[in-house]
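Below is one structure, written out as structure tokens; comments come after it.
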Amino acid sequence: MIAPLVGFLLAAAPCAAAQKTELESFIESQDIRRPEIERVLDRLDLKPGQTVLDIGAGPGLPAFKIAERLKGQGEVFATEVVPEYVEHMRKQAKLQGLSNVHAVLVSTSGVDAFYGAHRYDLVLVYRVLWFIRDRETYFAQIRNQLTPKGRVAVVTEEYQPAMFTREDFVDMKGFVTELMREPAESPFGRELRALLPRLQKTGDEKRDNEMLSRAAIFSLNRLLSEPSFFLHFVDGGGFRKDVSFTPEERTHAMWQLHLLQSEGLPNVNVPLMRYSEYMGLQHLNKLLMIQRFRKHLASGGRSPYLASSPEGAWQREKDPVRREFEAAGYQLEKKHDLAPFLQMSVFQPR
Ligand SMILES: C[S@@+](CC[C@H](N)C(=O)[O-])C[C@H]1O[C@@H](n2cnc3c(N)ncnc32)[C@H](O)[C@@H]1O
């Protein structure tokens, strides 16, 4: 999982608070992720008596929430390829007195023989799809295990490019003006204003404004990779009171913050930063910029998170999840928009 080096982008810092295990980090994120998980489960029409399969359950955050909704009637099979997670789920099920949560260790290759032992009213694939290999064959086999009204719900993350582009801004002039007025000691002022006043005027007002706009966006994007930027907005364990996130942004940002801090950021041996951490850092910094300059950015639906991304538009248009499930013999029942960070497609056999 160690990604290419990104040290050239980030200032090296002395090494690091002890890193947490993935299991510890996952468990600590429980409260942060609760609203997200509830939003997903609210759309699944879970009923007591159902049999639910949660593929790739991790340490079981969604699986235990599902069990709560089944109110002791029905079964939850929570599968994992990581033995520590299975062990953790078994302990939790015992502790919580949930005898209908069954944690199962499965093989990473193909469809484990275990899956054939039951019929499922719902199969949940929650932030797991891209881990599964040869998905068409895999889900064609899973289809045979569904009850007559059985469905597969696939929750995936929206593709989120980190960089801002010109099209993200609906009020570029206002944004540049505001930036220029940032006090030098503010997190934005220090980094962003440095570049702007030094631009040489050409005498062509339109051209000067264009260069100023480009410089402002360039500076903002450069700041996305700054490992200590988000710290300006953090107070104790969470964000400062004046950070004005939407509820979804807050959940997402809290989770990113939690993951980064679990990995020891910003006191991490930065040249060895993982690619996923680096992306998390950029997303968190971007959310902080969005909340600060919201009024100058495109808004509504997926904007300003995905506003100008050709990759995002391609993904939505081509919908690779739907294409793969259709090839595996399913039809789309419903696509749930969990904008801006997640989406869920529910499939039934064709
Ligand atoms: C990003 S985590 C998501 C965990 C959980 N669904 C959640 O939302 O909290 C993905 C999990 O899928 C597991 N996984 C990967 N490949 C798998 C496979 N073929 N079968 C079952 N689990 C798998 C990983 O071990 C990991 O715990």
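Residues that are at pLDDT below 80 and surrounded by 18 or more Cβ atoms within 10 Å (Cβ to Cβ) within the stretch 7-57 comprise just one, Leu10. The helices (runs of 4 or more DSSP H) located wholly in the stretch 210-323 that include 2 or more residues which are acidic (Asp, Glu) occupy 247-262, 310-318. Within the stretch 21-33, the set of residues being under 14 Å from the mean Cα position of the chain (by Cα) and either over 15 Å from Phe64 (Cβ atoms) or more than 9 Å from the ligand (Cβ to nearest atom) (or both) comprises Ile32 only. If I ask for residues that are more than 15 Å from Gln160 (Cα to Cα) and touching a helix residue (DSSP H, G or I) at 6+ places or on another chain (Cβ under 6 Å), which ones from the stretch 330-343 would you list? Scanning the stretch 330-343 gives a single hit, Leu332.
If you go through the stretch 270-282 and keep only what is surrounded by fewer than 18 Cβ atoms within 10 Å (Cβ to Cβ) and under 17 Å from Tyr159 (Cα atoms), you end up with Tyr275, Ser276, Met279.
Number of residues in the stretch 144-163 that are within 14 Å of the ligand (Cβ to nearest atom) and closer than 30 Å to Ala216 by Cα equals 1. On inspection, Arg292 does not qualify as of a type in the set (Lys, Arg) and in contact with a Gly (Cβ under 7 Å, 6 or more places away or on another chain). Of all residues in the stretch 231-253, which are touching a residue at least 24 places away in the same chain (Cβ under 8 Å) and over 13 Å from Ile290 (Cβ atoms)? Leu231, His232, Pro247, Thr251 - these are the residues of the stretch 231-253 that are touching a residue at least 24 places away in the same chain (Cβ under 8 Å) and over 13 Å from Ile290 (Cβ atoms). Looking across Tyr120, Tyr138, one residue alone is in contact with a Leu (Cβ under 6 Å, 6 or more places away or on another chain) and of a type in the set (Phe, Trp, Tyr). It is Tyr120.
Okay, residues lined up against (1) within 12 Å of the ligand (Cβ to nearest atom); (2) surrounded by fewer than 18 Cβ atoms within 10 Å (Cβ to Cβ); (3) among the small types (Gly, Ala, Ser); (4) modelled with pLDDT of 95 or more:
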residue: His102; (1), (2), (3), (4): no, no, no, yes
residue: Ser109; (1), (2), (3), (4): yes, yes, yes, no
residue: Gly116; (1), (2), (3), (4): no, yes, yes, yes
residue: Asp121; (1), (2), (3), (4): no, no, no, yes
residue: Val125; (1), (2), (3), (4): yes, no, no, yes
residue: Glu136; (1), (2), (3), (4): no, yes, no, yes
residue: Phe139; (1), (2), (3), (4): yes, no, no, yes
residue: Ile142; (1), (2), (3), (4): yes, no, no, yes
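Does Val86 satisfy being farther than 23 Å from Pro148 by Cα, within 14 Å of the ligand (Cβ to nearest atom) and at pLDDT 95 or above? So Val86 passes the test.
In the stretch 124-152, the residues that are more than 15 Å from Gly56 (Cβ to Cβ) reach residues that are assigned to a helix (DSSP H, G or I) and more than 9 Å from the ligand (Cβ to nearest atom) with C-beta atoms within less than 7 angstrom, at least six apart or across chains, in these pairs: Glu136/Glu324; Glu136/Ala327; Gln145/Tyr115; Gln145/Gly116. For the stretch 78-87, check the following and say yes or no: at least one residue is of a type in the set (Gly, Ala, Ser) and in contact with a Gly (Cβ under 7 Å, 6 or more places away or on another chain). Checking the stretch 78-87: at least one residue is of a type in the set (Gly, Ala, Ser) and in contact with a Gly (Cβ under 7 Å, 6 or more places away or on another chain). Note on the stretch 290-309: residues that are out of contact with any Pro (no Cβ under 9 Å at 6 or more places or on another chain) and surrounded by fewer than 16 Cβ atoms within 10 Å (Cβ to Cβ) total 3. I need the full set of residues from the stretch 39-77 which are in a strand (DSSP E or B), more than 9 Å from the ligand (Cβ to nearest atom) and among the hydrophobic types (A, V, I, L, M, F, W, C), in order please. The answer is Val52, Leu53, Val76, Phe77. Within the stretch 114-123, can you find the residues that are touching a residue at least 12 places away in the same chain (Cβ under 8 Å) and of a type outside the set (Val, Ile, Thr)? Within the stretch 114-123, Phe114, Tyr115, Gly116, His118, Arg119, Tyr120, Asp121, Leu122 meet the criteria.
The values are calculated or read from the model by the stated rules, or taken from the named source; none is laboratory data. Every value quoted in this text rests on a predicted model; they were computed, and no experiment measured them. Positions of Cβ are generated from backbone atoms using ideal geometry, with glycine treated the same way; all protein chains shown enter the neighbour counts.
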